[in-house]
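Notes follow once the structure below has been shown.
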Amino acid sequence: MPCERKPMRYGHSEGHTEVCFDERGRFIVTCGNDGDVRIWEGLDDDDPKFITVGEKAYSLALKNGKLVTAGSNNTVQIHTFPDGEPDGILTRFTTNATHVTFNSSGSRVAAGSSDFMVKVVEVSDSSQQKTLRGHEAPVLSVTFDPKDDFLASSSCDGSVVVWNIEEQTQVISWPLLQKTNDVTNAKSLCRLAWQPRAGKFLAVPVDTKVHLYERGSWDHVSTLSDDLLTQPINVVTWSPCGRFLAAGSVGGLLTVWDANSKLCVERQKHEKGFTVCGLAWHPSGGQIAYTDTEGCLCLLDGLSTSASDGDAPKAPAKKPAKDYDALFDDDDDDRLVDEGLSGANSPVKKREDEDEDDFLMPATGRVRNRGAFLDDENSLDTGSLKLGRDKFGDDDNDDNDTGSAIVPPSAAPPVPLRPVYEGPLPTHPQKAFQSGSTPAHLTHRFMMWNSVGIVRGYNDEQDNAVDVEFHDTAVHHAMHLSNSLGHTVADLSQEAVLLACPGTDELASKLQCLHFSSWDTNKEWMVDLPSGEDERALCLGRGWAAVATSVQMLRLFSIGGVQREVFSLPGAAVCMAAHGEQLMIVYHRATGFDGEQALGVQLLQLGRRKRQIINGEPLPLTLRSHLTWLGFTAEGTPCYVDSDGVVRMLNRSLGNTWTPVCHTRETCKSKSDHYWVVGVHENPQQLRCIPCKGSRYPPTLPRPAVAILPFKLPLCQTSTEKGQMEEQFLRSVLFHHHYGFLSSGGYEVDEDGQTRSQKEQQELLMKMFALSCKLEREFRAVELAELMTHNVVPLAIRYASRSRRMALAQRLSELALEKSNQVQEEEEQDEEEPEYSGIRRPSGFGQSEVTGRRHSNRQREEEEEEEEEEEERGEEEDAQEMETEETTETRKRVNPFAKEAGSPVMPSLTPLGKVGRANPFKLAGSTKPSAPSGQPRVTNILDNMTSSRKSAPLAGSAGKANKAPVLKPLAPRPKPRSKTQSTLLHMTGTKAASKKTPDSTEPPADQQKQPEVPPPASPAENTENKRPKTGFQLWLEENRKNIVADHPDMEETDVIKDAMGRFRTLSADERLSWTERAKGQSGDAADLKKRKRGGEGGEDVEKETGPTGADENIAKKKKSLDPSSKLSAFAFNKN
């Protein structure tokens, strides 16, 4: 009985779903957890008619144009069919009905309920009801005897009962099932089935077997079983002829037995292993429809049974007793002998060339290659056949036909001993699919949805076409293409549209490219694939197109149609994706077991020097899931999504491992809801996807709305403050690796974004450091300091010393010294690199490519160095005269010396030039910095968190011997430090910024010794010039110590509030005198600015240093040296 499993359809939301055919087999009717009854004209019906019967529909039955449903409103309703008009309420229960069924004539309906009762109602007159009482738990199922005398029911009390309908009494009860308290907790639905026509046998699913009971005597006459059934059977149903019995199990296995010979004639596995909860046989006997607990509808087609098979039990009696061939007359029985072998009629061989459209899972037939793990399967079949011949081949009269067809359990001989494979079963390999597309069996579908645009396919009576729509119409206008070739897969890029169609017996598989960005007039080309080779996946990169084929080959074309490369894949391709010069291929590397998919991934770089970055590594997936989306982020980092909703991204810094960054199912309201991913962005961190209610993919109309989900790494204890900061830091690091990758590949990078990300990471480290100190975790604090840059460690030292943790401060100072030495060594290595970088070039991969570019660009960089110095020096002086608040124009201004194609970029914070860098800890005989020289240096390090690169070109130009490359891409425009300091240290008022002015304006000792290197002008001066101090600020500086002494636990904002109250209590004359003093200070600052402007014309920069330093010394004398005032700059205050 070879049959074909059709692709799965999503019919209802997740939950119990039932199915039946109408009497002529024209319609498939389903009901589900969404309260709808859907009427399908076929499995390919994209727009089935539906009837809403309530919040939920638990069961349905159809006969004589009447549709009966059991809904969540505790009623059994009746509708006309197929119009769906309400026709009244048949009966009511005190709770919801669980199962309904018609008798053979359609005149009666039986319904079982969770209130332990069974009712039999006349359809023509619902007032004529019979109630069957006796069950002690909710009723699971009911079924009529074909002769309408008896009714059988199963219940959660563990019993299966046969009732006499007229007398309303129990005929017999069998305690066969496990007891439960509710239908939802039952291991099996135990859907009973009475043999049609004669009604000789009642089939009862009991665990993994089906018991057959004889009508009248009620004896257990036979048991149908199968070695591969390991989970309870949920539902059974007879074929219309009454010869075959089909069963669906909890594990998704579908089994068909010949009731006469007790042989399993067909096995099919649910595509995804979901529990089968509804089963219906087509009136012709050629199809079986089944539904699962996820709301899906599936179909088995090609079951070769016919009405004449109903007389099959009598056939052996007409043959001679010794004629062994009597058992093999029917074509279905030929299948039994052939089962497990690979012949012309074997479904295994027949399906090798099939190409089903559903991309979710493959639609294969039986357990593939069962002979590989079931040794000599025919030995069991032959033994069973002989057993059948001995028992019913010798009987000639019809009266004994029942006894001849079924072997009593007591008379059955033991099964011959043979090895049985009991290990994990192989998983059906996932079918190839196109990422960003919906299943191909839909008439209206998305062929591609990506960051460039949308490709829609239409295939109905009116039109067979492809529509291409661009998100940005500046790329190209929308296109409408006729689809006469029947293209099924597509991809879209900024340059072209790529389409492909499968081959037929007459025509080869074709690849068609519409190169709309071409400058010539002929913008289209087409290629025929070799005979017997079909496309499986395709993608478009920058300047090239790739197609993976059915013979495990990958063909690479230029965007103009030139065949560039062809190579073999290690396994059958599943999906491909491209971004720029990167090509990612996912394929089957082996057979998976127990629901797992064994996928491998290759990542190729197809630039000038082609190389393989990932070579056949296993692709990690969630347990029992499959791949649903594959692609790149907008910044070029590979990522993918599995059917469990987990998004994973490549972590280049950890040896090309995959890190889970989001779990979309956590944000779904229902288990049947999903998110359909269309794009991933790293900056800003966004997962762009379409919410799909009750399905896995969206409809084409109405146009779906795109939602944005945040990323969240699955770290431990993210509900705590520590866990949240750790997750933010790790995510920030992971999502900013692309800066280094892009810069090493010669791409432009967002310098402002890179600077912001580095600053964000250092802020998070400082917060975690402060939290560790607060929790008395000094070792952890040192671990966090090791992650900081050498410019930020002094901040941690200051915090530790202010917190009176001298041992911690000592260790941190040693760490700072190590980091400073490391930076110095790295710079020396960078200087030496050009001398030997050419020697390493033959190695071919990785670093040699980067260093080669450095060597080639070094000469050009040195020529531009002097010109850039003059420009940047002028920019610095301009920046000092600008407003301290940054405007959006300042942030967005493009650096005219932005990075060229080959200049090297280091993703970490770049240190100051070797000449201009001063080590604050290099003091004779002491590792602890003293206050006079340490404090000004620490303040400059503070500033360096956002503007350290400004002085790098100047330092490099001071001495021509310093040949370190100018890191142009990482040199942002100078920004006011007062603002960045307030962000970093959480300052709440202008007071803190003004207090730092004297410190930041005094140059460090090392810079004073080297007058040829100009120190970076402190933007704190600009703050001073643009915003003069008020009298209140001046008064607060001198009186803060008293306020803090009175209230040591007070926060910074409370200190300012208290100070304002005290300042108001002063007399008017006193307040006026403070204001005059403040104006006097601002006048000094104004004079300083005038002197600076006057010196810009022809004086050297070092001439400005003298007067500036003098004014700074005057300002420093006025400054309060109270240490408690400095603590206000930190995120945490220590008592």
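The values are calculated or read from the model by the stated rules, or taken from the named source; none is laboratory data. Because the structure is predicted, anything quoted here is derived from the model rather than measured. So basically every Cβ, Gly included, is an ideal-geometry build from the backbone, and we count neighbours across all protein chains shown. Each accessible area value is taken on the protein alone, full model and side chains, heavy atoms only, with ligands, DNA and RNA left out. Shrake-Rupley method; radii C 1.70, N 1.55, O 1.52, S 1.80 Å.
The figures follow:
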{"item": "Tally of residues being under 19 Å from S159 (Cα atoms) and assigned to a loop (DSSP other than H, G, I, E, B) across the range 117-141", "result": "7"}
{"item": "Pair list, Cβ < 8 Å and 6+ apart or interchain, from the range 1036-1062 residues that are more than 19 Å from S803 (Cα to Cα) and outside the structural domain of S803 (by the TED database) to residues that are open to solvent by 70 Å² or more (accessible area, probe 1.4 Å) and of a type in the set (S, T, N, Q)", "result": "T1053/T988; I1056/T988"}
{"item": "Failed item, numbered, when A490 is tested on (1) in contact with a Phe, Trp or Tyr (Cβ under 8 Å, 6 or more places away or on another chain); (2) buried (at least 19 other Cβ atoms within 10 Å of the Cβ); (3) of a type outside the set (V, I, T)", "result": "(1)"}
{"item": "Checking G631 against (1) surrounded by 18 or more Cβ atoms within 10 Å (Cβ to Cβ); (2) among the small types (G, A, S); (3) farther than 27 Å from Q754 by Cβ; (4) modelled with pLDDT of 90 or more, the condition it does not meet", "result": "(3)"}
{"item": "Among (1) closer than 21 Å to S451 by Cβ; (2) out of contact with any Phe, Trp or Tyr (no Cβ under 9 Å at 6 or more places or on another chain); (3) crowded, with 17+ Cβ neighbours inside 10 Å, the one test that K510 misses", "result": "(1)"}
{"item": "Scope the range 552-572; condition outside any strand (DSSP E or B) and in contact with a Leu (Cβ under 9 Å, 6 or more places away or on another chain); matching residues", "result": "Q552, I559, L569, G571"}
{"item": "Answer residue from the range 1045-1060, given it is surrounded by 15 or more Cβ atoms within 10 Å (Cβ to Cβ) and part of a helix (DSSP H, G or I) and is nearest to the chain's Cα centre (by Cα) among those", "result": "E1052"}
{"item": "Scan of the range 124-142 for residues that are open to solvent by less than 30 Å² (accessible area, probe 1.4 Å) and farther than 16 Å from E167 by Cβ, ordered by number", "result": "H135, A137, P138, V139, L140, S141, V142"}
{"item": "G636 open to solvent by less than 10 Å² (accessible area, probe 1.4 Å), in contact with a Leu (Cβ under 8 Å, 6 or more places away or on another chain) and not in a strand (DSSP E or B)", "result": "yes"}
{"item": "Test: T720 is farther than 21 Å from S820 by Cα, open to solvent by 20 Å² or more (accessible area, probe 1.4 Å) and of a type in the set (S, T, Y)", "result": "yes"}
{"item": "Condition broken by T718, with the remaining ones in (1) in contact (Cβ under 8 Å) with a residue 24 or more places away in the chain; (2) among the β-branched types (V, I, T); (3) within 19 Å of T659 (Cβ to Cβ) satisfied", "result": "(1)"}
{"item": "Top-ranked residue in the range 523-548 [being out of contact with any Phe, Trp or Tyr (no Cβ under 8 Å at 6 or more places or on another chain), free of Cβ contacts under 8 Å to residues at least 40 places away in the same chain and open to solvent by less than 50 Å² (accessible area, probe 1.4 Å); ranked as nearest to D491 (Cα to Cα)]", "result": "W525"}
{"item": "Check on E783, open to solvent by 30 Å² or more (accessible area, probe 1.4 Å), out of contact with any helix residue (DSSP H, G or I) (no Cβ under 7 Å at 6 or more places or on another chain) and over 30 Å from Q582 (Cβ atoms)", "result": "yes"}
{"item": "Residues of the range 549-579 satisfying the condition of being small (G, A, S) and open to solvent by 20 Å² or more (accessible area, probe 1.4 Å)", "result": "S550, G560, G561, S568, A572, A578"}
{"item": "Output for the range 712-727, where each listed residue is of a type in the set (A, V, I, L, M, F, W, C) and more than 15 Å from Q761 (Cβ to Cβ)", "result": "L715, C716"}
{"item": "Output for the range 240-275, where each listed residue is of a type in the set (G, A, S) and either part of a strand (DSSP E or B) or open to solvent by less than 20 Å² (accessible area, probe 1.4 Å) (or both)", "result": "G242, A246, A247, G248, S249, G251, G252, A259"}
{"item": "Scan of the range 666-714 for residues that are of a type in the set (D, E) and over 13 Å from the mean Cα position of the chain (by Cα), ordered by number", "result": "D673, E682"}
{"item": "Any chance E596 is open to solvent by 20 Å² or more (accessible area, probe 1.4 Å) and over 17 Å from P618 (Cα atoms)", "result": "no"}
{"item": "Residues that are within 28 Å of the chain's Cα centre (by Cα) and either more than 25 Å from A508 (Cα to Cα) or not in a strand (DSSP E or B) (or both), drawn from the range 445-486", "result": "W449, N450, S451, V452, G453, I454, E469, F470, H471, D472"}
{"item": "Spans of strands (runs of 3 or more DSSP E) in the range 3-116 with at least 2 residues within 30 Å of E136 (Cα to Cα) and open to solvent by 40 Å² or more (accessible area, probe 1.4 Å)", "result": "86-92"}
{"item": "Selection within the range 715-732 - over 20 Å from the mean Cα position of the chain (by Cα) and assigned to a helix (DSSP H, G or I)", "result": "E721, K722, G723, Q724, M725, E726, F729"}
{"item": "Selection count where residues are of a type in the set (A, V, I, L, M, F, W, C) and either open to solvent by 60 Å² or more (accessible area, probe 1.4 Å) or assigned to a loop (DSSP other than H, G, I, E, B) (or both), scope the range 143-187", "result": "6"}
{"item": "Output for the range 581-632, where each listed residue is among the β-branched types (V, I, T) and in contact with a Gly (Cβ under 8 Å, 6 or more places away or on another chain)", "result": "V586, V601"}
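Condition check ((1) modelled with pLDDT under 95; (2) over 23 Å from P570 (Cβ atoms); (3) among the hydrophobic types (A, V, I, L, M, F, W, C); (4) within 17 Å of the chain's Cα centre (by Cα)) across all residues:
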| site | (1), (2), (3), (4) |
| --- | --- |
| T591 | yes, no, no, no |
| K610 | yes, no, no, no |
| I614 | yes, no, yes, no |
| L623 | yes, yes, yes, yes |
| R648 | no, no, no, yes |
| S653 | yes, yes, no, no |
